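Notes to accompany the following structure.
The values are calculated or read from the model by the stated rules, or taken from the named source; none is laboratory data. Here the structure is a predicted model, which means the values were calculated and not measured. Please note: Cβ atoms are built from the backbone with ideal geometry, for glycine as well, and neighbour counts cover all protein chains shown.
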(Lines give C-alpha, C1' and ligand atoms only; values in the text may rest on other atoms or scores of the structure.)
Protein backbone atom coordinates (compact mmCIF):
# COMPACT_ATOMS: atom_id res chain seq x y z
CA UNK A 1 0.00 0.00 0.00
CA UNK A 2 1.44 3.36 -1.03
CA UNK A 3 -1.01 5.93 0.26
CA UNK A 4 -2.46 6.89 3.57
CA UNK A 5 -5.95 7.71 2.28
CA UNK A 6 -8.64 5.05 2.65
CA UNK A 7 -11.97 4.44 0.97
CA UNK A 8 -14.56 3.33 3.51
CA UNK A 9 -17.66 1.81 1.94
CA UNK A 10 -21.00 0.28 2.92
CA UNK A 11 -21.66 2.88 5.62
CA UNK A 12 -25.07 3.74 6.99
CA UNK A 13 -26.34 7.12 5.82
CA UNK A 14 -26.42 8.30 9.43
CA UNK A 15 -22.65 7.96 9.95
CA UNK A 16 -20.81 11.25 10.44
CA UNK A 17 -17.26 12.58 10.60
CA UNK A 18 -16.90 12.25 14.37
CA UNK A 19 -18.03 8.58 14.24
CA UNK A 20 -15.27 7.76 11.76
CA UNK A 21 -12.65 9.84 13.59
CA UNK A 22 -13.37 7.82 16.71
CA UNK A 23 -13.34 4.47 14.89
CA UNK A 24 -10.10 5.10 12.96
CA UNK A 25 -8.44 7.01 15.83
CA UNK A 26 -7.71 3.70 17.51
CA UNK A 27 -5.09 3.08 14.78
CA UNK A 28 -3.33 6.44 14.86
CA UNK A 29 -3.82 10.09 13.99
CA UNK A 30 -6.71 10.81 11.65
CA UNK A 31 -5.76 13.75 9.43
CA UNK A 32 -9.07 14.15 7.60
CA UNK A 33 -12.48 12.57 7.10
CA UNK A 34 -14.78 13.27 4.17
CA UNK A 35 -18.23 11.66 4.39
CA UNK A 36 -20.06 11.61 1.07
CA UNK A 37 -23.62 12.34 2.18
CA UNK A 38 -26.45 10.03 1.10
CA UNK A 39 -24.00 7.77 -0.75
CA UNK A 40 -22.84 5.40 2.00
CA UNK A 41 -19.10 5.93 1.71
CA UNK A 42 -16.32 8.14 3.01
CA UNK A 43 -12.61 8.86 2.72
CA UNK A 44 -10.35 8.77 5.77
CA UNK A 45 -6.79 10.02 5.65
CA UNK A 46 -4.39 8.76 8.29
CA UNK A 47 -1.11 10.40 9.36
CA UNK A 48 1.03 7.60 7.92
CA UNK A 49 0.86 4.69 5.51
CA UNK A 50 1.52 2.27 8.38
CA UNK A 51 -1.48 3.57 10.32
CA UNK A 52 -3.69 3.32 7.23
CA UNK A 53 -2.54 -0.27 6.64
CA UNK A 54 -3.26 -1.21 10.26
CA UNK A 55 -6.74 0.33 10.15
CA UNK A 56 -7.54 -1.40 6.87
CA UNK A 57 -6.29 -4.78 8.13
CA UNK A 58 -8.32 -4.58 11.34
CA UNK A 59 -11.53 -2.93 10.12
CA UNK A 60 -12.11 -4.31 6.62
CA UNK A 61 -15.12 -6.68 6.56
CA UNK A 62 -16.00 -5.96 10.20
CA UNK A 63 -19.47 -4.91 11.31
CA UNK A 64 -20.05 -1.25 12.18
CA UNK A 65 -23.49 0.18 12.95
CA UNK A 66 -25.12 -2.93 11.51
CA UNK A 67 -23.21 -2.88 8.19
CA UNK A 68 -20.12 -4.79 6.98
CA UNK A 69 -17.39 -2.24 6.23
CA UNK A 70 -15.48 -2.35 2.95
CA UNK A 71 -12.13 -0.62 3.30
CA UNK A 72 -9.57 -0.20 0.57
CA UNK A 73 -6.82 2.19 -0.43
CA UNK A 74 -8.41 5.24 -2.04
CA UNK A 75 -7.63 5.69 -5.71
CA UNK A 76 -6.44 9.08 -6.95
CA UNK A 77 -9.17 11.37 -8.23
CA UNK A 78 -9.68 11.16 -11.98
CA UNK A 79 -10.31 14.33 -13.98
CA UNK A 80 -13.90 14.76 -15.05
CA UNK A 81 -14.74 14.11 -18.68
CA UNK A 82 -14.97 17.15 -20.91
CA UNK A 83 -18.35 17.29 -22.58
CA UNK A 84 -17.17 19.79 -25.20
CA UNK A 85 -19.77 21.75 -27.15
CA UNK A 86 -22.69 19.72 -25.79
CA UNK A 87 -22.83 21.77 -22.60
CA UNK A 88 -25.52 24.37 -22.40
CA UNK A 89 -27.77 22.83 -25.01
CA UNK A 90 -30.47 22.10 -22.45
CA UNK A 91 -30.33 18.34 -22.45
CA UNK A 92 -30.31 15.40 -24.79
CA UNK A 93 -30.92 16.38 -28.42
CA UNK A 94 -32.61 19.66 -27.49
CA UNK A 95 -30.88 21.93 -29.97
CA UNK A 96 -33.40 21.55 -32.78
CA UNK A 97 -36.65 22.84 -31.38
CA UNK A 98 -36.93 22.28 -27.66
CA UNK A 99 -39.06 19.18 -27.53
CA UNK A 100 -40.77 16.37 -29.40
CA UNK A 101 -41.51 17.24 -33.03
CA UNK A 102 -41.80 20.96 -32.25
CA UNK A 103 -40.38 22.25 -35.51
CA UNK A 104 -43.33 21.21 -37.66
CA UNK A 105 -46.02 23.09 -35.76
CA UNK A 106 -47.81 20.05 -34.41
CA UNK A 107 -49.29 16.81 -35.65
CA UNK A 108 -49.35 16.43 -39.43
CA UNK A 109 -49.03 20.16 -40.17
CA UNK A 110 -45.67 20.24 -41.84
CA UNK A 111 -46.74 19.98 -45.51
CA UNK A 112 -49.42 22.67 -45.69
CA UNK A 113 -51.71 20.42 -47.69
CA UNK A 114 -54.06 17.69 -46.75
CA UNK A 115 -53.65 14.23 -48.19
CA UNK A 116 -56.52 12.80 -46.21
CA UNK A 117 -59.18 10.84 -47.96
CA UNK A 118 -62.57 10.91 -46.38
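Points to keep in mind about this one:
- When the test is whether a residue is at pLDDT 80 or above, surrounded by 11 or more Cβ atoms within 10 Å (Cβ to Cβ) and over 27 Å from the mean Cα position of the chain (by Cα), residue 97 does not pass it.
- Annotation note: Cβ proximity below 8 Å between a residue of region 1-15 that is over 10 Å from residue 42 (Cα atoms) and a residue that is buried (at least 20 other Cβ atoms within 10 Å of the Cβ) and at pLDDT below 95 (sequence gap 6+ or interchain) occurs for no pair.
- Selection within region 21-58 - in contact (Cβ under 8 Å) with a residue 40 or more places away in the chain, closer than 15 Å to residue 74 by Cβ and assigned to a helix (DSSP H, G or I): 49, 51, 52, 53, 55, 56
- Of the residues making up region 11-20, those that are touching a strand residue (DSSP E or B) at 6+ places or on another chain (Cβ under 7 Å) and either surrounded by 14 or more Cβ atoms within 10 Å (Cβ to Cβ) or within 16 Å of residue 77 (Cα to Cα) (or both) are 11, 15, 17, 20.
- Residues of region 29-46 that turn out to be closer than 16 Å to residue 60 by Cβ and either exposed (fewer than 14 other Cβ atoms within 10 Å of the Cβ) or in contact with a helix residue (DSSP H, G or I) (Cβ under 9 Å, 6 or more places away or on another chain) (or both), as a count: 3
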